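Quick notes on the structure that follows.
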Amino acid sequence: MDRDSRTFDRDTLLDLTVNLIPLGIMLFFVVVFLFVNPFGEDRTATLIQMTILVLTFLALTVLTYVSGKVISDSEKELEEMDGIVVSEKVGLDQQPSEEPTEGQSEAGSSD
Amino acid sequence: MAGEQLALTVLMGVLLVGVFSLVSRYGDIRSYTPIGGQGTGGATSHGHAEKPSGLIRWFTTVDHKDIGILYGLFGTIAFVWGGAAVMLMRLELLAPGYDIMQAQFYNSLLTSHGITMLFLFGTPIIAAFSNYFVPLLIGADDMAFPRINAIAFWLLPPAALLIWAGFFTAPLTGNEIAPAQTSWTMYTPLSAEQVNPGVDLMLLGLHLSGVSATMGAINFIATIFTERGDRVNWANLDIFSWTVLTQSALILFAFPLLGSALVMLMLDRNFATTFFAVDGGSPILWQHLFWFFGHPEVYILVLPPMGLVSWILPKFAGRKLFGFKFVVYSTLAIGVLSFGVWAHHMFSTGIDPRIRASFMAVSLAIAIPSAVKTFNWITTLWNGKIRLTAPMLFCIGFISNFVIGGITGVFLASIPVDLVLHDTYYVVGHFHYIVMGMLAFAAFAAIYYWYPIVTGKMYQRSLAKAHFWLSMVGTNITFFAFLVLGYLGMPRRYASYEFDAAFAPLVQVTNFHQIATAGALILTVGQLIWLWNLISSYYEGPTVQDGDPWDLKDEGMFGREFQWFEAQLARADGGEVDDEVATDGGAPQEGDQTEPSRDDS
């Protein structure tokens, strides 16, 4: 598949794995609670129980997808802007002055 | 009588007008004149001519930096109030009986300490940094709504006066209007049935502080979304702004709910509604509403400190933050998950066991993104060129305290453990490791790190290090003793503890209380040194003449805020500066080819 046609590249997918672990934990408990119920039948309570997990699961999935997409699009945008690829270097080049400052006091040094 | 009252009113009016005119003319007061502060009013070479002098400037300012300083001053005053309250409590707890105060006064101090530290110190001290530095870090001219920013701050002093009102009115009214004794959780039916009007004042103050926080949050969201510089987008937004954005979203969803619940509580108290009555909506409804706000509040308080440490720690490790995007995504994950865990504060209330189990599951899940950050910080330190400056020491102390505070929290997320430890000092120890060990430590790190920018001066290093060590030792002695007290069965919120030996070992409990008080005294000495250092260094400290006081350029870690500071210094010298937004100076280290060379610190 063409790299550009994918929603996420490999690096982004790797970054997103950090949120897969909590998603996995919630999924694990959904399955466990479906099959193991030591507290007896109660449809309302079970519905609330599942809603808490499933809603949180869905919210985290959506947020992870959207934020991953937005950040990944922004990265491409940065790459397309001239001179921003090495943004840190650009930042340094833009320093107003590299001349030694006058009378650097002791305070000027680090702790 | 009417004539006397009229005369008094007129006299008071004349007095107020006199004070106002005196204040408005009092331009000779020592003005705040840091180079980074942009403007002192009057005729300075680098000031904004439109800013008035003296106190009027501070009452009318809409400059995000000035408002940041005001938040910082306010937070510090609240910290002193909350600290004084808890020191009195700790002295009372030196011995089991009622020795220096009665239970009512202890309860008042307990309530005031909790609410003050969370709402009047925690949130405002974070707002101090975010107001001052987020616009600088994202390349904005100011906040999106500068006047709303000012209003949000100026709601806080009246909020504080209302919250503390009972302490002032009690001696004047013969205890008719006494301080609230509800604890910060304001659990019903206790809080609904206490007839003391001081509780209403406290609730109104709390409501006002919530309005303030919400206005601030809306402002930050608008600022970060719409006011970023041309070259700052989501891919190179700094980590502190990410955490402030997430925090603001949490505030936006959590605080209005607190406000609504507070209004319902006030209706129950004053208009005989039954939202939280035992035979009405039930006290458990209050707990659900309160904790739906209350748990996100925990992350409202710790996410920006995590951002501060993620920003400052790499500067003194000589390496960019390891796994920057892991930290971003885990911050967002914490934001979402924090709304699915509230009932873990209510495991022992008798709610349905199935529902309880779900909250346990999400609580265990939220530990992962928190732990991810810890590993990222540790990995950033790994093989780094570590410089143990005062801000760095506080960052490392922060991580250490978070490990203990975080892991004790994971235990509490487990229902069986929680049922044993609920309402004991173990819980108090756990969350104090978080709020004192993390929030306050990150605040101290940031205060020292940015002190040169805000004041134009450098603090006294030996005092700063003494402050760190006293804080670190004091925190760990006090709150580790709390954890042990919890294991010994000491219940929280009590002014006395004369146990029957059949219930708990009184001698051991007394010993650990005394250890905790000794730790609190050490902490207090540390904080006095901190205050002295900040004030005396402001007046007498050496002036910072270098835009890079931390030698960050050598490491390629020269951040946007210090670039701005350097530009201000150059401008003060009459030099030309390029006003274009500069990007962060976090250059990749030699041999570090694993990440794209982007603004990751």
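Take segment B:313-341 and flag every residue that is more than 8 Å from every other protein chain (Cβ to nearest Cβ) and β-branched (Val, Ile, Thr).
Residues satisfying the conditions are B:VAL327, B:THR331, B:ILE334, B:VAL341.
If you scan segment B:249-295, which residues turn out to be outside any helix (DSSP H, G or I) and on the phi < 0 side of the Ramachandran plot?
Within segment B:249-295, the first condition is being outside any helix (DSSP H, G or I), and the residues that meet it are B:271-282.
Of everything in segment B:249-295, those that are outside any helix (DSSP H, G or I) and on the phi < 0 side of the Ramachandran plot turn out to be B:PHE271, B:THR273, B:THR274, B:PHE275, B:PHE276, B:ALA277, B:VAL278, B:ASP279, B:GLY280, B:GLY281.
Is there a residue in segment A:63-85 that is farther than 30 Å from A:ILE21 by Cα and at pLDDT below 50?
Checked segment A:63-85: at least one residue is farther than 30 Å from A:ILE21 by Cα and at pLDDT below 50.
Select from segment A:41-54 the residues that are within 9 Å of chain B (Cβ to nearest Cβ) and more than 14 Å from B:ALA365 (Cα to Cα) and write down the one among them that is farthest from the chain's Cα centre (by Cα).
Only one residue fits best here, namely A:ASP42.
Name the pairs: first residue in segment A:51-70 and small (Gly, Ala, Ser), second residue in a helix (DSSP H, G or I), Cβ to Cβ under 7 Å, at least 6 apart or on different chains?
Close Cβ pairs (under 7 Å, with a partner that is in a helix (DSSP H, G or I)) amount to A:ALA59/B:VAL336; A:SER67/B:TYR329; A:SER67/B:LEU332; A:GLY68/A:THR12; A:GLY68/A:LEU16.
Only helices (runs of 4 or more DSSP H) wholly contained in segment B:401-501 count here; list those with 3 or more residues that are surrounded by 20 or more Cβ atoms within 10 Å (Cβ to Cβ) and within 14 Å of chain A (Cβ to nearest Cβ).
Answer list for segment B:401-501: B:441-455, B:461-487.
Residues in segment B:195-207: is at least one farther than 26 Å from B:TYR494 by Cβ, at pLDDT 95 or above and surrounded by fewer than 24 Cβ atoms within 10 Å (Cβ to Cβ)?
yes
Could you look through segment B:504-544, keep only residues that are facing another protein chain (nearest Cβ under 10 Å) and surrounded by 19 or more Cβ atoms within 10 Å (Cβ to Cβ), and pick out the one that is nearest to the chain's Cα centre (by Cα)?
Once the filter is applied, the top-ranked residue is B:SER537.
Considering only residues that are surrounded by fewer than 19 Cβ atoms within 10 Å (Cβ to Cβ) and under 16 Å from B:PHE398 (Cβ atoms), which ones fall in segment B:336-380?
B:ALA371, B:THR374, B:PHE375, B:ILE378, B:THR379
Against the conditions (1) more than 22 Å from B:VAL410 (Cα to Cα); (2) touching a Ser or Thr at 6+ places or on another chain (Cβ under 8 Å); (3) at pLDDT 90 or above, where does A:PHE29 fall short? Just the number, please.
(1)
Out of the residues in segment B:65-82 that are farther than 10 Å from B:MET117 by Cα and among the hydrophobic types (A, V, I, L, M, F, W, C), which is surrounded by the most Cβ atoms within 10 Å (Cβ to Cβ)?
B:ILE67
Just the residues that are away from chain A (no Cβ under 14 Å), assigned to a helix (DSSP H, G or I) and more than 25 Å from B:TYR426 (Cβ to Cβ), please, taken from segment B:374-400.
Quick first cut of segment B:374-400, residues away from chain A (no Cβ under 14 Å) only: B:377-378, B:380-384, B:397-400.
Next, from what is left, pick out any that are assigned to a helix (DSSP H, G or I): B:377-378, B:380-381, B:397-400.
Result: B:TRP377, B:ILE378, B:THR380, B:LEU381.
So in segment B:564-578, with the set limited to residues that are more than 7 Å from chain A (Cβ to nearest Cβ) and either acidic (Asp, Glu) or not in a loop (DSSP other than H, G, I, E, B) (or both), which one is surrounded by the fewest Cβ atoms within 10 Å (Cβ to Cβ)?
Our first condition is that a residue be more than 7 Å from chain A (Cβ to nearest Cβ); within segment B:564-578, this holds for B:564-565, B:568-569, B:571-574, B:576.
From what is left, the residues that are either acidic (Asp, Glu) or not in a loop (DSSP other than H, G, I, E, B) (or both) are B:564-565, B:568-569, B:571-573, B:576.
On the way: B:TRP564: 22, B:PHE565: 25, B:GLN568: 20, B:LEU569: 23, B:ARG571: 17, B:ALA572: 17, B:ASP573: 15, B:GLU576: 10.
Restricting to residues being more than 7 Å from chain A (Cβ to nearest Cβ) and either acidic (Asp, Glu) or not in a loop (DSSP other than H, G, I, E, B) (or both), the top hit is B:GLU576.
Tally time: how many residues in segment A:15-25 are facing another protein chain (nearest Cβ under 9 Å), closer than 15 Å to A:GLY68 by Cα and either in contact (Cβ under 8 Å) with a residue 60 or more places away in the chain or among the aliphatic types (A, V, I, L, M) (or both)?
2
Report yes if A:PRO96 is more than 30 Å from B:LEU393 (Cβ to Cβ), surrounded by 13 or more Cβ atoms within 10 Å (Cβ to Cβ), more than 22 Å from the chain's Cα centre (by Cα) and modelled with pLDDT under 90, otherwise no.
So A:PRO96 passes the test.
Got at least one residue in segment B:143-165 being outside any helix (DSSP H, G or I) and touching an Asp or Glu at 6+ places or on another chain (Cβ under 8 Å)?
Yes: segment B:143-165 contains one or more residues that are outside any helix (DSSP H, G or I) and touching an Asp or Glu at 6+ places or on another chain (Cβ under 8 Å).
Return a yes/no flag: does segment B:270-283 have any residue that is surrounded by 24 or more Cβ atoms within 10 Å (Cβ to Cβ), farther than 26 Å from B:LEU412 by Cα and of a type in the set (Gly, Ala, Ser).
No, segment B:270-283 contains no residue that is surrounded by 24 or more Cβ atoms within 10 Å (Cβ to Cβ), farther than 26 Å from B:LEU412 by Cα and of a type in the set (Gly, Ala, Ser).
Just wondering, is there one or more residues in segment B:225-232 that are touching a Pro at 6+ places or on another chain (Cβ under 8 Å) and crowded, with 22+ Cβ neighbours inside 10 Å?
The answer is no; no qualifying residue exists.
Do we have B:ALA357 as facing another protein chain (nearest Cβ under 8 Å), within 29 Å of A:LEU13 (Cβ to Cβ) and either within 21 Å of the chain's Cα centre (by Cα) or assigned to a helix (DSSP H, G or I) (or both) here?
The answer is no for B:ALA357.
For segment B:1-102, give me every one of the helices (runs of 4 or more DSSP H) that falls completely inside it and has 1 or more residues that are at pLDDT below 65.
The qualifying helices (runs of 4 or more DSSP H) are B:2-25.
The values are calculated or read from the model by the stated rules, or taken from the named source; none is laboratory data. This structure is a prediction, so every number in the text was calculated from the model and none was measured. A quick note on method: Cβ atoms are made from the backbone with ideal geometry, for glycine too, and the neighbour counts reach across all protein chains shown.
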